[in-house]
1. Quick one: would you say Ile249 is among the β-branched types (Val, Ile, Thr) and within 16 Å of the ligand (Cβ to nearest atom)?
2. Considering each of Arg50, Arg54 in turn, give the residue that is touching a Leu at 6+ places or on another chain (Cβ under 8 Å), assigned to a strand (DSSP E or B) and either farther than 21 Å from Ser106 by Cβ or without any contact (Cβ under 8 Å) to a residue 12 or more places away in the chain (or both).
3. With the condition kept exactly as written, say whether any residue in region 236-246 is within 30 Å of Leu188 (Cα to Cα) and under 23 Å from the mean Cα position of the chain (by Cα).
4. Here are some conditions: (1) touching a Lys or Arg at 6+ places or on another chain (Cβ under 9 Å); (2) surrounded by 15 or more Cβ atoms within 10 Å (Cβ to Cβ); (3) part of a helix (DSSP H, G or I). Leu14 meets all but one. Which one does it not meet?
5. Looking only at region 231-243, count every residue that is exposed (fewer than 14 other Cβ atoms within 10 Å of the Cβ) and at pLDDT 95 or above and tell me the total.
6. Keeping to region 226-235, report how many residues are away from the ligand (no atom under 16 Å from the Cβ), closer than 17 Å to Gly166 by Cα and part of a loop (DSSP other than H, G, I, E, B).
7. Identify the residue in region 216-230 that is more than 20 Å from Leu14 (Cα to Cα) and not hydrophobic (A, V, I, L, M, F, W, C) and, among all such residues, is surrounded by the most Cβ atoms within 10 Å (Cβ to Cβ).
Amino acid sequence: VPELPEVETIARGLQRVLPGKRIERVEILWHRTVDARSLAVASMAGDAVRSVGRIGKFVAMTLASGRTLVIHLRMTGRLTVVDNRVEPPYLRFAMRFTDGTKLAFSDARKFGRIRLLAGRPEDQLGIGIDPLSPRLDDRVFASLLARRTTPIKVWLLDQRKLAGVGNIYACEALYRARVRPRTRAGRLTKAARRRLLRSLRAVLQRAIARRGSSVDDYVDAEGLKGGFQNLLAVYGRAGQPCRRCRTPIKRIELAQRGTFFCPACQR
Ligand SMILES: [Zn+2]
């Protein structure tokens, strides 16, 4: 499932090619791909792409009209810009441009969703602060964690608190910060909180620099795999030696999600 670094990479790829393109029409090939709460996507005909960015785990396309098309890729959603005549497999939605190209949304498992919004998307998506936002300082982070009894690993995945962090980068950030995944969020020491926020950002930035992690079948908008999967310290490494202390990495389940950590150096 693409997380913040993968979605950032996809959005940057689209930002290189889409701005300025004029929308001729849209095609819905699987009706549920368009979220029921969406404005009518057909109304995008005649509009143009202003820019493409990321909000949490969503790709966000701002249109010349000021509206925003948000795309949640979920498990298998894939965005590519292709010639109009090309029909990628599992095509669910297409945005045709006047220059003979189209943005194709393919999605084998059909969990991906597209939604056209007017106004500030953050408010309507109900998502929390971006971990890379300069507004998130130690004080804000502390106030978000205060009195929370959820295990910190589970808290990090809650998109209403922090937008964009998923299973892979939550495990990696906790390892880097030497924090045990089960620790209750509100019980982290001040020092641990600071280490965690710094680690989270470092892990996300390094993953963006390597165009994300291709753990499942993730590829970016140009069809390229990420390079961060080879640098993962704990995720998917159960039984293998910790890179810091050689203790075997342990896997537990927290809120039904596989959670990897070093039992010796994460305290
Ligand atoms: Zn260790």
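1. The answer is yes for Ile249.
2. Details: Arg54 fails: either farther than 21 Å from Ser106 by Cβ or without any contact (Cβ under 8 Å) to a residue 12 or more places away in the chain (or both).
It is Arg50.
3. The answer is yes, given that some residue of region 236-246 is within 30 Å of Leu188 (Cα to Cα) and under 23 Å from the mean Cα position of the chain (by Cα).
4. All conditions are met except number (1).
5. Within region 231-243, the subset exposed (fewer than 14 other Cβ atoms within 10 Å of the Cβ) is 231, 239-241, 243.
Narrowing further to those that are at pLDDT 95 or above: 239-241, 243.
Here the count works out to 4.
6. Matching residues across region 226-235 total 1.
7. Across region 216-230, the extreme among qualifying residues is Gln229.
Yes/no per residue for (1) of a type outside the set (Ser, Thr, Tyr); (2) more than 16 Å from the ligand (Cβ to nearest atom); (3) outside any loop (DSSP other than H, G, I, E, B):
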residue	(1), (2), (3)
Leu197	yes, yes, yes
Leu200	yes, yes, yes
Leu204	yes, yes, yes
Ile208	yes, yes, yes
Val215	yes, yes, no
Leu224	yes, yes, no
Cys245	yes, no, no
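The values are calculated or read from the model by the stated rules, or taken from the named source; none is laboratory data. Fair warning: this is a prediction, and the values are worked out from it, not measured in the lab. All Cβ positions, even for glycine, are placed from backbone atoms using ideal geometry, and neighbour counts span all protein chains on display.
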